[in-house]
Ligand code: N01
């Protein structure tokens, strides 16, 4: 404490909020520029979203060889992935290894939540405050807060009086949780629920799956990673990474070059079957029109519906699990291990909340409009205030005291998803208006971090101390993001991509859907043209 009783203000060159994939990558790159950096992280460990999502069955739906950093050749050569899709514990070990290998921990303050980031125009500094009372000042402030980090527990009457245990998948406790001998409810059937449900069903005495909207899910066919495949990648990482960076989603799927109706019915069927048998989100790239043409989409969707009916023995349950309200892929496609099969178990009951919504949580369970379910535990797999939620939890104020929450009142506005007019020197990694959650997020993170690092380097070389997008450039980008989305089927679906899962959240398609490769080209051109659309001073 200083004499005035106020905490001393500490200075660094750059403040980074969040120590997940993005925060760690930033720390590495900014240190490489010779900057002093302080990273703040709410969790008790590094890993961000992956630190918190340690629920049973948590696993990445992008293949492990692709879901990793490319910034260090040594790192990508020495790390051994063990499965086709990495589990949460393996990703956590990887990120811990990264933090240790590059001696990152000394610059990271764990269990420290940033509460405010306020721009001081005269000093041209960001003042950042934390819940521990720290105050730091820095020229650059970079939000690496994650797109799926603000976990959302729905406001259901009575939760506070529930006598059993309850959990959110995105805030899972670190101490072991046992469901043995228990009656458990899972609320939510998105990616998290679909992964957790088979695992909990295998352990619990009885599992009630409380479903509001069924989702499409494709089998992962997860398996140990063959040594030869890993070796092939290690020998050709440079080439694979380059191809991923030029692709539509930063993931090396087999992107079809032909449309659904360019082939006959038999061939179409063979292609769906082949993709189903290969597994994963690659299925949604079976033909190049499924995100644009509803009749093409319907055929792919119908194929998955048939699979559900084939796998699930009770036709009534199968029907309840069959999605009919949205085009396949316009909600994030789920990737599962034995999800549909789980509903053939005798200890699993599917509860249709559309027919009988939850009315309240009681001391002993959940009451719907139709029945009371006695429970020992409730698992909320109810998702996130995605993309903007984590940012808006922080009191961010730019020039003239402009609050980010006010600026984004009608929906997020940014230039390239990287910066906002009125907020000089504040960068966002995978912010709204960038491809972010539609991509392999590690590839997106590395692209943003690289852009930000080069931008800061450029500023230093040219003696500039401030960068900020113009209102015009921001307006044009917001329009572009909306226009590109409006040409797809995405905007016709009530999804978290649209903010539709959060009461009162503006309905805006949050990410840029024009493709990762195209987007990164735009970012490159903007930089090459002297940071077109930005003011540098
Ligand atoms: O969340 P979600 P998630 N009463 O929002 C239901 C990534 N991820 O955590 O659709 C009853 O998708 C809600 O129902 P409805 C991935 O990008 C990746 O599962 O609103 N139900 C829905 O079923 C993913 O898309 C991985 O009607 C309520 C569910 O809860 C994103 O994270 C793994 C309700 C929420 O689904 C989010 O996935 C996990 C209420 N009041 C997550 N409120 C992998 O890499 C919500 N629901 C594999």
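Scanning region 7-30 for residues that are surrounded by fewer than 19 Cβ atoms within 10 Å (Cβ to Cβ) and at pLDDT 95 or above, which turns out nearest to residue 92 (Cα to Cα)?
13
Please give the number of the condition residue 126 fails out of (1) under 24 Å from residue 449 (Cα atoms); (2) within 15 Å of the ligand (Cβ to nearest atom); (3) part of a strand (DSSP E or B).
Of (1) under 24 Å from residue 449 (Cα atoms); (2) within 15 Å of the ligand (Cβ to nearest atom); (3) part of a strand (DSSP E or B), only one is false for residue 126: (2).
So which residues in region 479-499 are closer than 15 Å to residue 414 by Cβ and touching a helix residue (DSSP H, G or I) at 6+ places or on another chain (Cβ under 8 Å), if there are any at all?
485
Considering only region 12-39, how many residues are within 14 Å of the ligand (Cβ to nearest atom) and assigned to a loop (DSSP other than H, G, I, E, B)? I'd like the intermediate steps shown before the answer.
If we filter region 12-39 for residues that are within 14 Å of the ligand (Cβ to nearest atom), which is where we start, we get 20-21.
Then keep just the ones that are assigned to a loop (DSSP other than H, G, I, E, B); that gives 20.
So the count comes out to 1.
Output the number of residues of region 317-342 satisfying the condition of being in contact with a helix residue (DSSP H, G or I) (Cβ under 7 Å, 6 or more places away or on another chain), under 20 Å from residue 201 (Cβ atoms) and touching a residue at least 60 places away in the same chain (Cβ under 8 Å).
Looking only at region 317-342, we keep the residues that are in contact with a helix residue (DSSP H, G or I) (Cβ under 7 Å, 6 or more places away or on another chain), and these are 318, 321-322, 327-330, 332-342.
From the residues that got through so far, the ones that are under 20 Å from residue 201 (Cβ atoms) too are 318, 321-322, 334-342.
Narrowing further to those that are touching a residue at least 60 places away in the same chain (Cβ under 8 Å): 321-322, 334-342.
Of the residues in that region, 11 qualify.
Out of curiosity, is residue 347 touching a residue at least 12 places away in the same chain (Cβ under 8 Å) and in contact with a strand residue (DSSP E or B) (Cβ under 9 Å, 6 or more places away or on another chain)?
Working: touching a residue at least 12 places away in the same chain (Cβ under 8 Å): yes; in contact with a strand residue (DSSP E or B) (Cβ under 9 Å, 6 or more places away or on another chain): yes.
Judged against the criteria, residue 347 is a match.
I'd like to verify a number: residues in region 267-298 that are closer than 18 Å to residue 490 by Cβ, free of Cβ contacts under 8 Å to residues at least 40 places away in the same chain and in a helix (DSSP H, G or I), how many?
Residues flagged as closer than 18 Å to residue 490 by Cβ, free of Cβ contacts under 8 Å to residues at least 40 places away in the same chain and in a helix (DSSP H, G or I) within region 267-298 amount to 4.
State yes or no: is residue 42 within 12 Å of the ligand (Cβ to nearest atom), touching a residue at least 12 places away in the same chain (Cβ under 8 Å), out of contact with any helix residue (DSSP H, G or I) (no Cβ under 7 Å at 6 or more places or on another chain) and under 26 Å from residue 116 (Cβ atoms)? Talk me through it step by step, then tell me what you get.
Working: within 12 Å of the ligand (Cβ to nearest atom): no; touching a residue at least 12 places away in the same chain (Cβ under 8 Å): yes; out of contact with any helix residue (DSSP H, G or I) (no Cβ under 7 Å at 6 or more places or on another chain): yes; under 26 Å from residue 116 (Cβ atoms): yes.
So residue 42 fails the test.
Is region 256-266 home to any residue that is buried (at least 20 other Cβ atoms within 10 Å of the Cβ), touching a helix residue (DSSP H, G or I) at 6+ places or on another chain (Cβ under 7 Å) and touching a residue at least 24 places away in the same chain (Cβ under 8 Å)? Walk me through how you get there before you give the answer.
Here is the first cut: in region 256-266, the ones buried (at least 20 other Cβ atoms within 10 Å of the Cβ) are 260.
Filter again for touching a helix residue (DSSP H, G or I) at 6+ places or on another chain (Cβ under 7 Å), leaving 260.
When the remaining residues are screened for being touching a residue at least 24 places away in the same chain (Cβ under 8 Å), the result is 260.
Looking through region 256-266, at least one residue is buried (at least 20 other Cβ atoms within 10 Å of the Cβ), touching a helix residue (DSSP H, G or I) at 6+ places or on another chain (Cβ under 7 Å) and touching a residue at least 24 places away in the same chain (Cβ under 8 Å).
Looking at region 45-67 only, could you name the residues that are more than 12 Å from the ligand (Cβ to nearest atom) and either in a helix (DSSP H, G or I) or under 15 Å from the mean Cα position of the chain (by Cα) (or both)?
47, 48, 51
If I go through region 223-254 residue by residue, how many of them are closer than 25 Å to residue 518 by Cβ and free of Cβ contacts under 8 Å to residues at least 12 places away in the same chain?
5
Can you pull out the residues in region 159-176 that are more than 12 Å from the ligand (Cβ to nearest atom) and either in a strand (DSSP E or B) or loosely packed, with under 15 Cβ neighbours inside 10 Å (or both)? I'd like the intermediate steps shown before the answer.
Here is the first cut: in region 159-176, the residues more than 12 Å from the ligand (Cβ to nearest atom) are 160-167, 173-176.
Those that are more than 12 Å from the ligand (Cβ to nearest atom) and either in a strand (DSSP E or B) or loosely packed, with under 15 Cβ neighbours inside 10 Å (or both): 160, 161, 163, 165, 166, 167, 173, 174, 175, 176.
Does residue 153 satisfy being near the ligand (Cβ under 10 Å from one of its atoms), assigned to a loop (DSSP other than H, G, I, E, B) and in contact with a helix residue (DSSP H, G or I) (Cβ under 8 Å, 6 or more places away or on another chain)? Write out each step before concluding.
Details: near the ligand (Cβ under 10 Å from one of its atoms): yes; assigned to a loop (DSSP other than H, G, I, E, B): yes; in contact with a helix residue (DSSP H, G or I) (Cβ under 8 Å, 6 or more places away or on another chain): yes.
Against the criterion (near the ligand (Cβ under 10 Å from one of its atoms), assigned to a loop (DSSP other than H, G, I, E, B) and in contact with a helix residue (DSSP H, G or I) (Cβ under 8 Å, 6 or more places away or on another chain)), residue 153 qualifies.
Output the number of the condition that residue 133 fails; it satisfies all remaining conditions of (1) assigned to a loop (DSSP other than H, G, I, E, B); (2) at negative phi; (3) exposed (fewer than 14 other Cβ atoms within 10 Å of the Cβ).
Only one criterion is unmet by residue 133, namely (2).
Of all residues in region 177-198, count the ones that are more than 16 Å from the ligand (Cβ to nearest atom), surrounded by 15 or more Cβ atoms within 10 Å (Cβ to Cβ) and part of a strand (DSSP E or B).
If we filter region 177-198 for residues that are more than 16 Å from the ligand (Cβ to nearest atom), which is where we start, we get 177-183.
Those still in the list that are surrounded by 15 or more Cβ atoms within 10 Å (Cβ to Cβ) too: 177, 179, 182-183.
Next, from what is left, pick out any that are part of a strand (DSSP E or B): 183.
Looking only at that region, the number is 1.
The values are calculated or read from the model by the stated rules, or taken from the named source; none is laboratory data. Source: prediction; values computed, not measured. Methodologically, a virtual Cβ is constructed for each residue, glycine included, from the backbone with ideal geometry; neighbour enumeration extends over all protein chains shown.
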